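What follows is a single structure, written as structure tokens, with notes after it.
The values are calculated or read from the model by the stated rules, or taken from the named source; none is laboratory data. All values derive from a computational prediction rather than experimental measurement. Quick reminder, even Gly has a Cβ in these numbers, built from the backbone with ideal geometry, and neighbours come from all protein chains shown.
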Amino acid sequence: MTDDLILYTNPQSRGRIARWMLEEVGQPYRTELLDYATTMKAPAYLAVNPMGKVPALRHGETIVTETAAICAYLADAFPDARLSPPPGDRQRGPYYRWLFFTAGPIEAAVSNKALGFVVPPERERMMGYGNMALAMNALEAALERSDYLAGDSFTAADLYVGSGLGFGMMFGTIEKRPVFERYWQRVSTRPACKRAKELDDALMPPQQAR
């Protein structure tokens, strides 16, 4: 089983999110540590992910890239972990909604902000997120209504959204709104999150461990 799940990652990447998800799932997995300048661009890994980026997940013969997709895949592949609402559950809609709202509009808004790109007001209709404030306000309103995004329990959507907020607030690309801070505090205290952080921090140079 150890060889059945393989995480391709680097501790200074979104691979931290995928590792947290694997720790939540609770199944044995193997880690393939890649370097940005060498192994991540080598032919062996490009056969896994032609983009030459991490994370990627191999599950038997199945390869999944893109962090949100890895989270959704693992939640469905291992339903006993109860990290997604079951098919037919009314919370399945909000679960998908906020998982991919963060992978789409929020990711684009935060990336553009980090690059100093501001959407002209007359062009906001062209962008999936409209503007940064609009996207953040929508997410904040959802988090004000409930402790979790899909019902009363933690799901892969909370893991992915919470990670994005945590990283964004840490690096200053997302405003530290009280609702965001409370939410991140709530989800980041989970034992699986702490285990994942310890594992990734151990792979980093001591001065860079978070």
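Residue check, A44 against (1) crowded, with 17+ Cβ neighbours inside 10 Å; (2) of a type in the set (A, V, I, L, M); (3) over 30 Å from G151 (Cβ atoms); (4) free of Cβ contacts under 8 Å to residues at least 12 places away in the same chain, all met but one. Which one?
Failed condition: (1).
Condition test on G15, is it in contact (Cβ under 8 Å) with a residue 40 or more places away in the chain, buried (at least 19 other Cβ atoms within 10 Å of the Cβ) and not basic (K, R)?
Against the criterion (in contact (Cβ under 8 Å) with a residue 40 or more places away in the chain, buried (at least 19 other Cβ atoms within 10 Å of the Cβ) and not basic (K, R)), G15 qualifies.
Name the residues in region 173-209 that are surrounded by fewer than 17 Cβ atoms within 10 Å (Cβ to Cβ), of a type in the set (G, A, S) and modelled with pLDDT of 95 or more, would you?
Result: S188, A202.
Hey, can you tell me all the residues within region 104-131 that are among the aliphatic types (A, V, I, L, M) and either under 19 Å from the mean Cα position of the chain (by Cα) or assigned to a loop (DSSP other than H, G, I, E, B) (or both)?
I106, A108, A109, V110, A114, L115, V118, V119, M127
Kindly evaluate Y148 against the criterion of being modelled with pLDDT of 95 or more, closer than 24 Å to M21 by Cα, aromatic (F, W, Y) and not in a helix (DSSP H, G or I).
yes
Report, ordered by the first and then the second residue, all pairs with beta carbons closer than 6 Å, sequence separation of six or more or different chains, a first member in region 75-103 that is outside any helix (DSSP H, G or I), and a second member that is among the β-branched types (V, I, T).
What qualifies is F78/V25; L83/T155; S84/T155.
Could you pull out the residue among G166, G172 that is among the small types (G, A, S) and closer than 16 Å to T102 by Cβ?
Just a single option satisfies the conditions, and that option is G166.
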